[in-house]
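No value in this document is a laboratory result; all are computed from the given coordinates. Source: prediction; values computed, not measured. Every residue, glycine among them, receives a Cβ derived from its backbone with ideal geometry; neighbour counts consider all protein chains shown.
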Amino acid sequence: MINVHITEDQAMMVELFIPVINASGFARISGHSYTLSECRKKLASECTDVLLLDINMPDGNGLAFCKEIRELCPRMKIIALTQHNEYSCVKNMFKNGASGYVVKSEAVREVLEAILVVMSGKEYISPDIERMISKTTKEAIALTSREMQVLQLVAKGMSYAQIAEHMIIAPTTVNSYQKKLHLKLDAKTRFELIENAKKEGFI
């Protein structure tokens with residue numbers, strides 16, 4: 001029996017996965033976490049076979065956490081659960097040690113297949129993501145005009161509160177942009193964000 005741990009901040013998603021996986025006949029839910037810190041504590045005492053990991057968590061970046069937890073549990077297979085279908089997120093997630101990538105809109109339908117595929121030693125990518133990658137001719141990171149604007153202001157040393165005031169948008173909107181920038185540029189800190197943006201030629 002394959003043991004599966006879910007790390008997802010939406011209780012509704014967790015409740016959707018539990019009966020589906022438990023009824024599969026080959027996998028079962030061994031635990032779940034609503035934050036990265038909770039997941040870290042649970043896996044520190046006992047690693048699982050498969051970790052279903054939401055990329056966008058309230059207490060951190062799933063990309064950075066994937067790399068961290070891979071070192072803690074090197075044999076564990078990590079499947080990303082996400083709403084992000086940008087090429088850069090997919091590339092960075094696999095670079096940081098993931099074995100699978102499932103888009104949430106298709107997650108319940110695909111998760112059982114993904115578990116079987118990664119446990120066989122192969123990588124699993126949602127068909128929608130595969131189609132997107134096949135159309136990608138350039139591996140450059142794509143930023144929206146608003147994300148670029150936020151990035152340029154971050155590089156100038158502005159705080160997120162100052163950026164919100166400058167752009168005349170809500171602080172929560174700036175926070176959303178910065179989370180996407182950290183994901184796309186595989187950055188854990190503000191310094192890494194600026195350094196990685198320089199390497200990619202954005203600033």
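With R₀ fixed at 41 Å, the C-beta to C-beta distance from M148 to E38 puts the FRET efficiency at about 0.75. Summed over qualifying helices (DSSP H, 4 residues or more, each -39500 (n - 2.57)) and divided by its residue number, the chain shows a 222 nm mean residue ellipticity of -15500 deg cm²/dmol.
Expressed as an acute angle from 0 to 90° and rounded to the nearest 10, what is the orientation of the C-alpha long axis of helix 145-155 relative to the principal long axis of the chain? Result, in degrees: 70.
Taken along the Cα-to-beta-carbon direction at a fixed 7 Å, the label points for S176 and S45 span 3.8 nm.
From the alpha carbon centroid of the range 28-58 to that of the range 166-203 is 26 Å.
Dividing the Cα radius of gyration of the range 27-172 by 2.2 N^0.38 Å, with N the residue count, gives 1.18.
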